[in-house]
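None of the figures in this text is laboratory data; all of them are computed from the coordinates on show. Quick caveat, the model's predicted, so the values are computed rather than measured. Cβ placement follows ideal geometry from the backbone for every residue including glycine, while neighbour counts extend to all protein chains displayed.
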Amino acid sequence: MAPQGARVDAGHAASRPFREAVIDLDAIRENVAALTQQVAPARTMAVVKADAYGHGAGPVARAALAGGAAWLGVADLDEAVALRDAGIEAPILAWLHDPEAAFARAISREVELGVSSVGQLRSVADAAASVGRRATVHLKIDTGLSRNGVPPEDWPDAVSAAARFERDGHLIVRGVFTHLANTSDEEDAAQLAAFTRAFAAATAAGLNPEVRHVASTAAAVRHPEARLDLVRLGIGCYGVSPFGDGTTAVDLGLRPAMTLRARVAAVRRIAPGTGVSYGHAWRADRPTTLALVPLGYADGVPRQASDRAEVWLAGARRRVVGRIAMDQFLVDVGDAAVAVGDEVVLFGDPATGAPTADDWGAAADTIGYEIVTRIGPRVPRTYVGGDG
């Protein structure tokens, strides 16, 4: 996990590291609050897997709970236990498990378990018996994503087994859930219909789950009928768009929480024809000035964005030129006055003029999710706003 970092006054440039990711916890809280209000009366789960999409799980979890999230969601048990170790007591659901997962430890820490097979149900029941505590589970049905989840043909056996383990006092089924593929309105509707049938089969088997959850940020925004009892807010918490159709986070009333920035490490003037970076894939066609930025693909800056992405430097967007290297890349600043130590923003809040994570995603032929999540541990996280 990335280091939790430090809190600083964002206005004091002298305290800024060579490179950093600034995480605005107020943006997290406000995004969660706005989405929670939008999907009400459904409750919301803030998904903080993968170190909160690279933002820092502990600080983000607290900010999301302050914004009205009722649950936290993670992928694996280690992530859940780390939140408990950080003193977070809110309900936590973990849903992707090692075949030899230590369910007993999770049950002892009151982590709720997403279960995707009859075999996992048995393992959870056995673990619960070993620690003398009832496990809380959410049964996942695969409605068409073809990933995790109980296959439809195994669903009758799964709900029957779950009901039996409930009667034996080993577990309680608190929820039933699935995940949409977000391909089209028609396919999402078909998945929702499949989920409705699966839930009916669960109740017919004698289960009485209190929580149905299907929608992530994308479905919650565009398919109100999919909100049900609980919405899992993932990328929306972080102010990045869940859509690939040009809809921005700003369009959704959300504010990016991460600003990736550095200080210019070197400046040099070059003549026309001068080759830049590995392979000389870019050559200057005029006299120009280059600024060296101390971030590279070792820090999560995608090499695929070479010669395509832009940064905010010296009051304007400037293009990355040449190939992005492991630790550094170059920016063409033309005749602008740029000095060593000047701030350069790779992405952040577009209200400041900076590119967004989605802009970098487009430049790298990927999505904003990947851009923020891949920022590595060499980049310190600095927290502003919230309670820290």
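For T183 and E110, calculate 0.36 nm times their separation in residues minus their Cα-Cα distance, and state this gained length in nm to one decimal.
22.8 nm
Taking the Cα centre of region 251-306 as the origin and placing charges on Cβ (Lys, Arg +1; Asp, Glu -1), which of H280, A266, A305 is farthest toward the positive end of the dipole?
My answer, from the dipole projection, is A266.
Going by how many other beta carbons lie within 10 Å of each one, how would you line up Y369, Y278, fewest first?
Values: Y369 20, Y278 12.
Result, fewest neighbours first: Y278, Y369.
Ratio of alpha-carbon Rg to the 2.2 N^0.38 Å globular estimate for region 243-388, to two decimals, please.
1.04
Please get the size of the charge dipole for region 258-384, origin at its Cα centre, with Cβ charges of +1 on Lys and Arg and -1 on Asp and Glu, quoted in debye to the nearest 20.
Using only the charged Cβ atoms, the result is roughly 340 debye.
Report the net charge of residues surrounding A298, where surrounding means a beta-carbon distance below 13 angstrom and charges are Lys +1, Arg +1, Asp -1, Glu -1.
Numbers: positive: R19, R303, R374, R378; negative: D299, D327.
Taking every Cβ under 13 Å from that of A298, the sum is +2.
Sorting K140, K49 on the 10 Å Cβ count, fewest up front, what's the list? Write down the numbers at each step before the final one.
Values: K140 25, K49 19.
Final ranking by Cβ density, sparse to dense: K49, K140.
For the chain, modelled as a Gaussian network with Cα springs under 10 Å, which listed residue fluctuates most, A90, A190, A70?
Comparing A90, A190, A70 in the GNM, the peak value goes to A190.
Round to the nearest 10 and give me the degree value, 0 to 90, for the angle of helix 155-167's Cα axis relative to the longest principal axis of the chain.
Helix 155-167 sits roughly 70 degrees off the main axis of the chain.
Using +1 at the C-beta of Lys and Arg and -1 at the C-beta of Asp and Glu, which of G56, L145, G206 has the Cα lying farthest in the positive direction of the dipole of the chain?
Going by the charge dipole, the pick is G56.
Could you check the spin-label model distance between L145 and D285? Points 7 Å from the Cα along Cα→Cβ, value in nm.
About 4.5 nm, to one decimal.
Any idea how far apart V131 and E370 come out in nm if each label point goes 7 Å out from Cα toward Cβ?
In this crude spin-label approximation the distance works out to 3.6 nm.
If I model a spin label as a point 7 Å beyond the Cα along the Cα-Cβ vector, how far apart are those points for Q304 and T247 in nm?
Result for the modelled spin labels: 2.3 nm.
Rounded to the nearest 20 debye, what is the charge dipole size of region 25-238 about its Cα centre when +1 sits on each Lys and Arg Cβ and -1 on each Asp and Glu Cβ?
Result for region 25-238 is approximately 480 debye, rounded to the nearest 20.
Please order L207, L290 by the number of other Cβ within 10 Å, starting at the fewest.
Placing the least packed residue first, the sequence is L207, L290.
Relative to a virtual label point 7 Å from the Cα of L96 in the Cα→beta-carbon direction, which members of region 115-143 show backbone nitrogen distances below 15 Å?
So the set is 115-116.
What is the distance in Å between the Cα centres of region 202-245 and region 51-124?
Each part reduced to its Cα centre gives a spacing of 17 Å.
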